[in-house]
Amino acid sequence: MANNGGRRSAAWFGATGRSGMTHRSWMRSQGFTTEVFDGRPVIGIATTWSELAPCNVHLHRVAESVKRGVWQAGGFPLEFPAMALGETLLRPTAMLYRNLLAMEAEELFRANPLDGVVLLSGCDKTTPGLLMAAASVDLPAVMVTGGPKLNGKYQGTDVGSGTAVWRWEEDLLAGRMTQEECFFAEGCMSRSDGHCMTMGTASTMASVAEALGMQLPYSAAWPAVDARRYETAQRAGQVIVGLVEDDLRPSAIMTRQAFENAIRVNAAIGGSTNAVIHLLAIAGRLGVPLSLDDFDALAADVPTLVNLQPSGQYLMEDFCYAGGLPAVMRELGGLLHGDAITVTGRTVAENVADAPCWNRDVIHAMDAPFQPPGTGTAVLRGNLAPDGAVLKQSAASPHLLKHRGRALVFDSPEAYHAVVADPDLDADENTVLVIRYCGPKGYPGMPEVSNVPLPKKLLNRGVRDMVRICDGRMSGTAYGTVVLHVTPEAAAGGPLALVRTGDWITLDVPSRALTLEVPDEELARRRAEWTAPPPAAARGWTRLYSDHVLQADTGADLDFLIGASGHEVPRDSH
């Protein structure tokens with residue numbers, strides 16, 4: 001066999017004797033000619049395709065385009081499945097399984113004869129999960145996200161997936177919309193393959209992957225059904241072969257500078273708060289120092305430039321035609337580390353130097369932003385969140401950013417939903433709704449349940465927002481004045497577990513403070529009476545997860561997966 005310059009795949013396909021014959025012969029059962037074993041780079045295509053993950057259902061077709069590119073560049077492509085995580089169907093939440101996907105993909109990358117990998121993702125947890133795996137193994141890698149749906153169309157207006165659901169739920173609860181109208185509207189909202197076309201977590205993480213340098217320029221925004229989505233995939237197949245030849249690895253791309261770029265880009269696009277948890281987890285796999293406070297500090301001087309739902313008006317299809325992420329990154333200019341390297345082999349500055357903006361209603365200029373600097377994700381601290389909590393300012397109501405109200409406490413979202421329509425519920429527009437035991441350990445998995453609907457009696461009065469506080473997450477497609485990721489969570493004994501209905505709580509976003517107005521001695525008495533909830537499961541993945549998951553302020557990864565572990569060739573058993 002030809003010498004391949006010491007590539008990993010040589011340990012399999014370049015081996016002599018029985019071992020080499022076994023590896024090659026079994027692969028030849030698929031009809032491959034012998035030239036594929038001549039030392040060319042072997043490229044794995046990890047796809048999270050599944051009919052149970054609707055956002056990922058077209059990834060087989062995307063993989064075919066990647067294969068064309070790999071063949072063109074002289075590589076040998078091999079497609080394989082990785083766990084699909086569809087937020088819309090998985091219970092109790094896809095977030096419970098993000099770390100499982102990352103662990104499964106990591107082992108697949110390491111255990112197989114791969115010199116590089118292309119990561120195909122769609123729904124929001126699959127993108128960080130695969131990036132976490134790539135970071136741990138550190139083989140050359142390129143991300144290809146599946147792209148957003150086409151804009152939803154309902155009654156002559158554009159509607160955004162996810163964002164419209166929250167509004168329709170309130171309208172249905174308040175009697176402004178019938179169930180029959182909801183059934184019809186559902187089909188109008190989701191009318192093509194792809195992930196949510198709002199700036200939800202899927203669109204955010206696609207943009208973040210591009211900002212990190214792990215995805216080709218413009219890749220985040222091409223609609224899933226646009227021919228250019230497949231052109232991009234084919235180009236990614238060509239690029240990964242070059243990355244293997246140049247030995248350019250994720251650890252050289254996803255540096256501290258790259259994470260700073262991603263945080264600032266997330267602020268500029270009005271991105272999801274879920275990016276905080278995912279970026280912290282990815283950085284943890286690489287050993288890159290990144291903290292919760294970085295998200296507030298780095299975003300402080302970044303204006304929101306992108307006018308997309310849920311914070312604004314437009315959708316991802318409009319964002320694409322307006323110039324996509326390169327137009328935003330060019331506009332940010334000196335706020336980004338322009339010399340950060342990317343999978344193109346070029347720097348960020350080189351990639352976006354000529355990126356045009358075609359619509360200033362969608363992508364605003366720095367001197368005329370959609371929202372001023374400091375309207376990104378705020379990191380709050382105080383005796384209710386000693387290790388931090390977050391709030392998406394661009395999706396919140398300005399009049400509630402400084403608020404004092406009495407707590408109305410529920411130990412689960414289900415308990416709240418059971419009384420949300422009660423006309424006698426003791427709540428008004430000043431009430432602070434507290435929903436707890438929704439964190440990584442508590443639910444388990446930290447679901448997107450924090451933006452609970454408002455009480456029906458208040459919706460009927462025209463109230464559209466209230467302060468809500470939770471140790472869970474909120475969908476990136478959602479909106480409202482919602483304090484999220486309260487850490488430590490209630491199930492871990494955090495102060496949120498000690499709040500009682502009637503307690504006064506003060507939210508002061510400008511001062512970054514979240515305060516429970518209860519004396520320390522009273523909190524100590526309550527803590528002495530508090531009992532930790534029993535484990536969520538006695539066996540299986542959920543037990544392993546619950547025993548080892550870290551808190552949200554460090555990314556909610558498993559404690560034994562922090563840090564890169566490399567791509568050692570497994571011991572040959574033949």
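Annotations for the structure displayed:
- Other residues within the sphere of radius under 15 Å centred on the Cβ of THR255, judged by their own Cβ, net out at 0 (K and R +1, D and E -1).
- Under 20 Å from the Cα of LYS392 - lysines, other chains or at least 8 residues apart: LYS125, LYS402
- Carbon and sulfur %, accessible surface of the stretch 1-96 computed with the full protein complex present, 1.4 Å: 55 percent
- Residues whose placed amide H lies under 5 Å from that of ASN151, excluding near-sequence neighbours: GLU317
- Whether the chain is rounded, prolate or oblate, judged on the alpha carbon gyration tensor where a/c under 1.5 counts as rounded: prolate
- Computed on protein heavy atoms with a 1.4 Å probe, the accessible areas place TRP358, TRP504 in the order TRP358, TRP504, largest first.
- Of the accessible area of the stretch 460-547, computed with a 1.4 Å probe over protein heavy atoms only, carbon and sulfur atoms account for 53 percent.
- Count Lys and Arg as plus one, Asp and Glu as minus one, and take only other residues whose Cβ is under 15 Å from that of PHE183; the net charge is then -4.
- Derived scalar couplings between HN and Hα for the stretch 536-548 equal 5, 7, 9, 8, x, 4, 4, 5, 4, 4, 4, 6, 10 Hz in order, rounded to whole Hz, by the Karplus curve 6.51 cos²θ - 1.76 cosθ + 1.60 (θ = phi - 60°), x for Gly and Pro.
- All C-alpha to C-alpha distances of the stretch 1-154, sorted into 5 Å bins beginning at zero, yield P(r) values of 2, 10, 18, 20, 17, 14, 9, 6, 3, 1, 1, 0, 0 percent in whole numbers.
- When the surface is traced with a 1.4 Å probe over the full set of protein chains, TRP71 keeps roughly 110 Å² accessible.
- Residues of the chain: accessible area per residue with a 1.4 Å probe, Å²: 36 Å²
- Rounded accessible area of TYR218 (nearest 10 Å², 1.4 Å probe): 70 Å²
- Part-to-part distance (alpha-carbon centres) for the stretch 417-462 and the stretch 56-70, which is given in Å: 42 Å
- Counted charge near GLU522, where neighbours are those whose Cβ lies closer than 15 Å (Asp, Glu -1; Lys, Arg +1): -1
- Rolled with a 1.4 Å probe across the full set of protein chains, the surface gives HIS60 an accessible area near 80 Å².
- Percent of beta bridges antiparallel (DSSP, the chain, rounded to nearest 5): 45 percent
- For VAL57, the residues whose amide H sits under 5 Å from its own are SER50, GLY194, ignoring neighbours fewer than 5 places away on the same chain, with H placed 1.01 Å from N.
- The 3J(HN,Hα) values that the Karplus relation (6.51, -1.76, 1.60; θ = phi - 60°) gives for the stretch 435-444 are, in residue order, 10, 10, 6, 10, x, x, 7, x, 7, x Hz. Gly and Pro appear as x.
- For the stretch 399-514: rounded, prolate or oblate by the Cα gyration tensor [a/c cutoff 1.5]: rounded
- Portion, in percent, of the accessible area of the stretch 121-162 that falls on carbon or sulfur, probe 1.4 Å: 50 percent
- Computed from backbone phi, the HN-Hα couplings of the stretch 98-109 come to 4, 5, 5, 4, 4, 6, 4, 5, 4, 5, 5, 4 Hz, rounded to whole numbers (Karplus: 6.51 cos²θ - 1.76 cosθ + 1.60, θ = phi - 60°; Gly and Pro given as x).
- Between the alpha-carbon centres of the stretch 338-366 and the stretch 239-317 there is a gap of 14 Å.
- Taking the chain as a whole, the Cys residues whose C-beta sits 4.7 Å or farther from every other Cys C-beta are CYS182, CYS188, CYS196, CYS320, CYS357, CYS438, CYS470.
- Relative contact order (%) - criterion: Cα under 8 Å, at least six apart; region: the chain: 15 percent
- Estimated from helical segments only, the mean residue ellipticity of the chain at 222 nm is -10500 deg cm²/dmol, where each DSSP H run of four or more residues counts as -39500 (n - 2.57).
The values are calculated or read from the model by the stated rules, or taken from the named source; none is laboratory data. Being a predicted model, the structure only gives us computed values, none of them experimental. Cβ atoms come from the backbone with ideal geometry, glycine included; neighbour counts cover every protein chain shown. Note: accessible area is taken over every heavy atom of the protein model, side chains too, but ligands, DNA and RNA are not part of it. Shrake-Rupley method; radii C 1.70, N 1.55, O 1.52, S 1.80 Å.
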